[in-house]
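Colleague: My questions all concern the structure below.
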Amino acid sequence: MNVNNVMADLERKHPGESEYLQAVREVLESIEEVYNAHPEFEKAKIVERMVEPDRIFTFRVTWVDDAGEIQTNIGYRVQFNSAIGPYKGGLRFHKAVNPSMLKFLGFEQTFKNALTTLPMGGAKGGSDFDPTGKSDAEIMRFCQAFMLELWRNIGVDTDVPAGDVGVGGREIGFLNGMYQKLAREYHTGVLTGKGMTWGGSILRPEATGFGALYFVEHMLAKAGKSLEGKTIALSGFGNVAWGAAKKATELGAKVIAISGPDGVVYNPNGMTDEKINYMLELRASNRNIVAPFAEKFTDATFTPGKKAWSVKCDIALPCAFQNELNEADAKELLANGTWCVAEVSNMGCTPEAIHTFQAAGILFAPGKAVNAGGVATSGLEMTQNCMHISWSGKEVDEKLHFIMESIHEACVRFGQQPDGTINYVKGANIAGFMKVAQAMLEQGII
Ligand code: GLU
């Protein structure tokens, strides 16, 4: 395989799909050497088959807003790869959603799910529906209209969606209600991230953020450091940022910044339970702004138009959106003394930002390893649903711990460099790739 040739071919087939092409290039560049050492992969054209989704469903979603106006959005489900298990991955509702974004997310999901140790293929879906400023009733009607189309293409053993940006417990509830009505099927496991009284797993809401901090703990321990007393700047204030803030605080770190599309909140005294709970209230308000945090808590200050990366911190955790941390941000963080960056959002850093961190020799880990605790706990939710039981919080947390430790170990195994450092990007990509590639190889040309 020659990365540039594969990329040239993909660019010709999918012009302008920048996020998708970025995600594929990043993976191919890190697996090239290993791939070329396996002629059987080349012979079976594994890469050419793996970079294209198995199939994409696209559908119109029409619904009526509170003013009685008819609204039309586009819905998608990208079923990327099912070599190691049923399709699995979240739904994103955001105004910028398009096929390129969902293909990048589905591609990443395939490797991430492989890293979790659980049998799950990769998928992603969503809509260009913008939840900002929508009432609960509008969100319900949209979710119902979305499921009216999606339901035929998903199922407990075929494809199990969950949440992502703009889709949390409330949306999963509306989606599940409509699915059951349409399918007349009452198995609890067709979606994950459900409410605790109807099949949800304890700790699923916290899992992405908790898992990320467990990963960071291992990463720091490997480097002879700990979280105790360290300052953390994180972006976003939604479900993922909330879980990360909660666990970071529990583990003795100080979360000194959160952010939103409107600006950054500097929070020099760190988080309290009240502040952490308020993050959830902010998200549920559907206003998509973080400024009210600094109105409610007077020890915090809000700066409009600034990112979390302008705050001096030891550890930076992107928790919001792809490419939210660019080269200029990376340089600002380094100038301020940041020595660890872990992507909690999917592809949170641009390739230039990653190169800047790697060239500076600081600790850096990619989203597909760091944030895999979310989908892993979805996998645990599926298991509980199939067994018709509920595990305790302790049981789920122990399993999540074990999974994050295994992912860290896999990154170390495949990312060990001759100079003794660990390239976590390479490690995660190679570990995920080897599992999916082997599974594809053994199942023939399909
Ligand atoms: N959207 C999350 C992710 O990016 C979770 C997916 C899931 O639980 O299926 O991994």
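Colleague: In nm, what is the difference between 0.36 nm times the number of residues separating D9 and K95 and their Cα-Cα distance?
Modeller: Extra length from D9 to K95 when fully extended: 28.1 nm.
Colleague: Could you give the size of the charge dipole of the range 182-334 about its Cα centre, using +1 on the Cβ of each K and R and -1 on the Cβ of each D and E, expressed in debye and rounded to the nearest 20?
Modeller: Charge dipole of the range 182-334: 180 debye, to the nearest 20.
Colleague: Mind jotting down the distance between the C-alpha centroids of the range 2-80 and the range 406-432, whole Å?
Modeller: The range 406-432 and the range 2-80 have Cα centres separated by 24 Å.
Colleague: Is the shape of the range 401-446 rounded, prolate or oblate, going by the alpha carbon gyration tensor and its root eigenvalues a ≥ b ≥ c, with a/c under 1.5 for rounded and a/b larger than b/c for prolate?
Modeller: The shape class here is oblate.
Colleague: Now a separate question. Using +1 at the C-beta of Lys and Arg and -1 at the C-beta of Asp and Glu, which of I139, A162, L182 has the Cα lying farthest in the positive direction of the dipole of the range 131-219?
Modeller: So the residue furthest toward the plus end is L182.
Colleague: Between D136 and A221, what length in nm is gained on full extension when 0.36 nm per residue of separation is reduced by their alpha carbon distance?
Modeller: 26.2 nm
Colleague: Lys/Arg Cβ at +1, Asp/Glu Cβ at -1, dipole of the chain taken about the Cα centre: which of S310, A294, Y424 is farthest positive-ward?
Modeller: A294
Colleague: Hey, in the GNM for the chain with a 10 angstrom Cα cutoff, which one of L234, L105, L182 fluctuates hardest?
Modeller: Of L234, L105, L182, the Gaussian network model singles out L182 as fluctuating most.
Colleague: Could you report the chain's accessible area per residue, 1.4 Å probe, as an integer in Å²?
Modeller: It amounts to 39 Å² per residue over the chain.
Colleague: Placing +1 at every Lys and Arg Cβ and -1 at every Asp and Glu Cβ, with all other atoms neutral, what dipole size does the chain have around its Cα centre, in debye to the nearest 20?
Modeller: Computed about the Cα centre, the dipole is about 400 debye.
Colleague: Quick one: order R77, R204, R49 from most to least accessible surface, probe 1.4 Å.
Modeller: R49, R204, R77
Colleague: Quick one: pull the percent of accessible area on the range 292-446 belonging to carbon and sulfur, 1.4 Å probe, ligands and nucleic acids left out.
Modeller: 56 percent
Colleague: To the nearest 500 deg cm²/dmol, what mean residue ellipticity at 222 nm is calculated for the chain from DSSP H runs of n ≥ 4 alone, each contributing -39,500 (n - 2.57), summed and divided by the residues?
Modeller: Mean residue ellipticity, 222 nm, calculated: -15500 deg cm²/dmol.
Colleague: Relative contact order for the range 257-316: what is it in percent, counting Cα pairs under 8 Å that are at least 6 residues apart?
Modeller: 47 percent
Colleague: Based on the alpha-carbon gyration tensor of the chain and its eigenvalue square roots a ≥ b ≥ c, which shape applies: rounded if a/c is under 1.5, prolate if not and a/b is larger than b/c, or oblate?
Modeller: rounded
Colleague: Next up: With an 8 Å cut-off on Cα pairs and a minimum separation of 6 or more residues, tell me the relative contact order of the range 1-68 in percent.
Modeller: 31 percent
Colleague: If all Cα-Cα distances of the range 320-446 are sorted into 10 Å bins from 0 onward, what percent lands in each bin, rounded to whole numbers?
Modeller: Binned Cα distances yield the sequence 12, 33, 32, 18, 5, 0.
Colleague: In whole percent, how big is the carbon plus sulfur part of the accessible area of the range 104-215, probe 1.4 Å, protein atoms only?
Modeller: That fraction is 55 percent.
Colleague: For the pairs K222/K399; K225/K312; K307/K368; K124/K254, flag any whose C-alpha to C-alpha distance is greater than 27 Å.
Modeller: K124/K254
Colleague: Out of A431, A114, A223, any idea which swings most in a Gaussian network model of the chain, alpha carbons joined below 10 Å?
Modeller: Highest fluctuation of the listed residues: A223.
Colleague: When a/c reaches 1.5 or more, the comparison of a/b and b/c decides; with that in mind, is the range 236-386 rounded, prolate or oblate per its Cα gyration tensor?
Modeller: It is oblate, given that a/c is not under 1.5 and a/b is not larger than b/c.
Colleague: Taking the Cα centre of the range 347-418 as origin, work out the dipole magnitude from +1 charges on Lys and Arg Cβ and -1 charges on Asp and Glu Cβ, in debye rounded to 20.
Modeller: The dipole of the range 347-418 has a size of about 120 debye.
Colleague: Among A37, M279, L333, which residue has its Cα furthest toward the positive end of the charge dipole of the chain, with +1 on Lys/Arg Cβ and -1 on Asp/Glu Cβ?
Modeller: M279
Colleague: Count neighbours as other Cβ atoms within 10 Å of each site's Cβ, and list the GluC sites (Glu not before Pro) in the range 16-93 that are DSSP loop with at most 13 such neighbours.
Modeller: Here the sparse-neighbourhood loop sites are E69.
Colleague: Under a straight-distance cross-link criterion of Cα-Cα below 17 Å, which lysines are reachable from K194, leaving out those fewer than 8 residues away in the same chain?
Modeller: Partners found: K88, K181.
Colleague: Do you know the relative contact order of the chain, to the nearest whole percent, from alpha carbon pairs under 8 angstrom that are 6+ apart?
Modeller: Here the relative contact order equals 15 percent.
The values are calculated or read from the model by the stated rules, or taken from the named source; none is laboratory data. Worth saying up front: this structure is predicted, and the values here are computed from it rather than measured. As a convention, Cβ positions derive from the backbone with ideal geometry for all residues, glycine included, and neighbour counts pool all protein chains shown. In case anyone asks, the SASA skips ligands and DNA or RNA and just uses the protein heavy atoms, side chains included. Shrake-Rupley method; radii C 1.70, N 1.55, O 1.52, S 1.80 Å.
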